[in-house]
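Here the structure is laid out as structure tokens; the discussion comes afterwards.
Each reported figure results from applying straightforward, stated rules to the coordinates on display, with no laboratory input. Nothing here was measured: the structure is a model prediction, and the numbers come from that model.
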């Protein structure tokens, strides 16, 4: 089961964080300032809530169960954020394997 530090060893990963269900930072690893990490935790929490809200609406509209998202991704030109549950990675798009990152995030989220 990977810890946050082991996720930073994946190619292209800049930083990894775990946040509480209120958006506060629980722990972090990588090369990011502490102030930036708290803002990142708040961003990840808020985005996760939005994704869950959207999935609830999709389930209602489709009449199909099983829409709770397992994770989400926000892609920028050079950097992206990938998250599963309360664990998120900030990655460099040109270097990263998104499959490896999401596998690692899934395992870390179970911890």
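Scattering from the chain was approximated by placing one identical point on each alpha carbon and applying the Debye formula without solvent; log10 I(q)/I(0) at 0.16 1/Å stands at -0.68. For the chain, the longest principal axis of the Cα atoms and the long axis of helix 98-110 meet at an angle of about 80 degrees. In a Gaussian network model over the chain where Cα atoms closer than 10 Å are linked, find which of 81, 51, 16 has the largest mean-square fluctuation. In this elastic network of the chain, the residue with the biggest mean-square fluctuation among 81, 51, 16 is 51. Between 61, 37, 25, where does the largest GNM mean-square fluctuation fall for the chain, given springs only between Cα atoms within less than 10 Å? Evaluated over the chain, the most mobile residue of the options is 61.
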